[in-house]
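Below you'll find the structure, written out as structure tokens, and then a few comments.
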Amino acid sequence: MTNTDAVVVGAGHNGLVAANLLADAGWDVVVLEATAEPGGAIKSAEVTAPGYLSDLYSSFYPLGYASPVMRALDLGLSWRHAPDVLAHLLPDGRAATLNRRPETTAASVEEFAAGDGERWLDAYAEWRSVSAPMLDTLFTPFPPVRGGAALLARLRPTGALRLARRLILPSRKLGRELFRGEGAQLLMAGCALHTDLSTEDVGSGVYGWLLAMLGQEHGWPVPEGGARRITEALVARLRDRGGRVEYTARADRVLTARGRALGVSTVDGRRWRARRAVLADVPAPALYLHLVGAARLPPRLVEDLAHFQWDGSTVKVDWALSAPMPWKNPAAAGAGTVHLGADLDGLTRYAAALATGEVPSHPFLLVGQMTTADPARSPAGTESLWSYTHLPFRREWAAGEVMAHVQRMESVLEEQAPGFGRLVVGRHVAGPGDLERENPSLVGGALGGGTAAAYQQLFLRPIPGLGRADTPIDRLYLASSSAHPGAGVHGGPGANAARAALARDRFLTGDAYHALIAAAHRTLY
């Protein structure tokens with residue numbers, strides 16, 4: 001048995017963030033990673049053609065760039081920006097463009113409705129007035145006392161009530177309240193569909209508002225040299241502080257006794273004793289039902305897990321292109337990210353198909369032009385391109401179904417960029433099963449660790465409870481995107497788990513903290 005202060009299960013970015021924060025506090029930390037390399041959904045490789053670098057999962061990082069958690073780690077990354085942040089191409093050929101210069105964005109949305117340029121600038125000024133306390137509120141443990149107090153002080157009660165209403169509005173409703181034309185509405189609605197929500201879902205508006213306004217304030221930057229640079233920086237930082245990552249060390253059990261986590265065993269028979277804490281960067285069902293086991297948990301918690309909702313399955317395709325994308329509308333040429341395949345009503349129809357278990361016949365696509373954002377991603381005069389789209393959640397997808405949907409995706413691209421297919425010199429397809437095979441946390445190709453719906457957020461994430469990383473097992477903490485504040489590369493769940501572990505371990509107050517959490521869990525479960 002190997003002894004250490006803390007065992008972290010999973011070397012995704014949340015696990016690595018948690019490990020770094022514990023190492024900063026002087027803890028001896030080991031991270032157990034099931035696969036042969038770290039990073040979870042933050043990896044890069046040449047998978048399409050030699051010289052073309054693809055980010056295999058996540059790519060653009062507005063949340064990672066703005067997150068106070070990631071900034072505090074001071075990873076020393078070099079960030080690159082495309083000329084434009086985002087372009088949304090409508091089926092009729094028009095485009096709405098988000099640029100880091102607010103005046104440029106305003107001019108674009110003004111083309112859709114007189115006055116929307118000024119309305120965009122007003123919305124952005126409103127965002128800037130709350131962005132710092134808002135981000136602090138989002139990425140700290142629930143309830144967010146400090147950030148919430150700062151927001152309340154800035155907005156006063158009347159302003160706070162109006163913000164609370166905005167946070168629960170559907171994206172379509174929010175867009176129509178703020179703007180008159182479809183351009184500005186689509187910039188936010190398309191961002192909302194980065195999640196598994198529709199434009200009509202309660203709470204979808206806040207996701208679109210957040211991503212669009214972060215894009216206006218910070219852009220959607222990419223790490224120079226690929227997403228892998230984030231992972232490499234986290235691993236190097238941990239190593240410098242004495243932590244280590246063990247690869248091909250798949251955990252099969254959290255070891256417990258008398259209601260306390262004592263360590264982790266791996267499938268190869270090794271045991272890792274944790275003197276202070278076990279943190280799990282794995283989906284909530286995997287932690288509770290597999291690593292802990294239902295017999296060691298309160299029956300009500302197990303019952304609640306039966307209602308845990310995954311987000312949608314995903315198909316992602318990478319292409320190596322011999323030339324830049326031949327967009328019909330040149331407004332898309334400078335955008336790092338392009339949304340296409342739907343106007344506002346089309347987004348609703350696409351989401352409705354997913355909600356009814358149908359495969360959309362004309363999918364909405366998120367497209368990344370990586371060489372446009374970072375010229376080092378492919379040879380000069382070429383493009384490293386990717387696109388992903390959602391499918392209804394299923395654990396099994398036949399290869400023929402996936403490839404049929406890839407053809408639909410390429411047809412949508414060909415509509416807006418005639419001749420795209422002739423430029424392809426290499427292609428890599430990752431269906432839902434491929435994504436899960438490479439990263440076991442992407443169950444069924446679901447990227448978010450659980451739905452972004454309001455019924456599974458805050459104190460309802462991953463199930464009704466405290467909204468905190470603490471579990472009913474003493475010194476065991478959920479550190480994945482299944483925990484609040486959820487999906488995205490921002491480090492929030494990992495940081496919250498590390499904070500909880502440190503609070504439990506404090507000499508004078510740790511027992512009182514545990515007693516409070518344990519009493520709350522007894523009441524809940």
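The values are calculated or read from the model by the stated rules, or taken from the named source; none is laboratory data. Because the structure is a prediction, the values reported are computed rather than measured. Please note: Cβ atoms are built from the backbone with ideal geometry, for glycine as well, and neighbour counts cover all protein chains shown. Remember, those area values only see protein heavy atoms, side chains included, never the ligands or the DNA or RNA. Shrake-Rupley method; radii C 1.70, N 1.55, O 1.52, S 1.80 Å.
Return yes or no: is residue 286 open to solvent by 30 Å² or more (accessible area, probe 1.4 Å) and within 22 Å of residue 446 (Cα to Cα)? The answer is yes for residue 286. Taken together, 150, 107, 72, 125 contain a single residue that is without any contact (Cβ under 8 Å) to a residue 12 or more places away in the chain, under 29 Å from residue 461 (Cβ atoms) and in a helix (DSSP H, G or I), which is 72. Taken over region 43-67, residues that are open to solvent by 10 Å² or more (accessible area, probe 1.4 Å) and more than 16 Å from the chain's Cα centre (by Cα) amount to 10.
Looking only at residues that are part of a helix (DSSP H, G or I) and at pLDDT 85 or above in region 136-147, which one is most open to solvent (accessible area, probe 1.4 Å)? For region 136-147, the residue satisfying everything is 138.
When you check residue 176 against the structure, is it among the charged types (D, E, K, R) and at pLDDT below 95, yes or no? When the stated conditions are applied, residue 176 does not pass them. In this structure, residue 359 does satisfy being open to solvent by 50 Å² or more (accessible area, probe 1.4 Å) and assigned to a loop (DSSP other than H, G, I, E, B).
Of the residues 311, 345, which single one is surrounded by fewer than 24 Cβ atoms within 10 Å (Cβ to Cβ), of a type in the set (D, E, K, R) and farther than 19 Å from residue 424 by Cα? So that I can check it myself, show each step before the final result.
Details: 311 fails: surrounded by fewer than 24 Cβ atoms within 10 Å (Cβ to Cβ).
Sole residue among the options that is surrounded by fewer than 24 Cβ atoms within 10 Å (Cβ to Cβ), of a type in the set (D, E, K, R) and farther than 19 Å from residue 424 by Cα: 345.
So, in region 229-252, exactly how many residues are open to solvent by less than 20 Å² (accessible area, probe 1.4 Å) and part of a strand (DSSP E or B)? Going through region 229-252 one residue at a time, the tally reaches 1. Residues of region 88-104 that are in a helix (DSSP H, G or I), touching a helix residue (DSSP H, G or I) at 6+ places or on another chain (Cβ under 9 Å) and either open to solvent by less than 60 Å² (accessible area, probe 1.4 Å) or of a type in the set (Val, Ile, Thr) (or both): 102 alone. When residues in region 330-342 are screened for being within 17 Å of residue 92 (Cβ to Cβ), open to solvent by less than 50 Å² (accessible area, probe 1.4 Å) and either among the polar types (S, T, N, Q) or not in a loop (DSSP other than H, G, I, E, B) (or both), 5 of them pass.
For region 490-520, the set of residues classified as farther than 21 Å from residue 6 by Cβ and open to solvent by less than 20 Å² (accessible area, probe 1.4 Å) consists of 490 only.
Residues considered: 24, 28. Of these, the only one that is in contact (Cβ under 8 Å) with a residue 24 or more places away in the chain, surrounded by fewer than 24 Cβ atoms within 10 Å (Cβ to Cβ) and in contact with a Gly (Cβ under 8 Å, 6 or more places away or on another chain) is 28.
I'd like the full set of residues that are assigned to a helix (DSSP H, G or I) and closer than 17 Å to residue 42 by Cβ, limited to region 439-459.
Keep residues of region 439-459 that are assigned to a helix (DSSP H, G or I), which gives 443-445, 454-456, 458-459.
Result: 445, single match.
Among the residues in region 111-120, are any in a helix (DSSP H, G or I) and free of Cβ contacts under 8 Å to residues at least 24 places away in the same chain? So far as region 111-120 goes, yes, one or more of its residues are in a helix (DSSP H, G or I) and free of Cβ contacts under 8 Å to residues at least 24 places away in the same chain. Figure legend. Inter-residue proximity from region 429-445: first residues under 17 Å from residue 480 (Cβ atoms) and open to solvent by 10 Å² or more (accessible area, probe 1.4 Å), second residues outside any loop (DSSP other than H, G, I, E, B) and at pLDDT below 95, beta-carbon distance below 9 Å, spacing 6+ or different chains. No pairs are indicated.
Can you find even one residue in region 469-481 that is among the aromatic types (Phe, Trp, Tyr) and part of a helix (DSSP H, G or I)? No.
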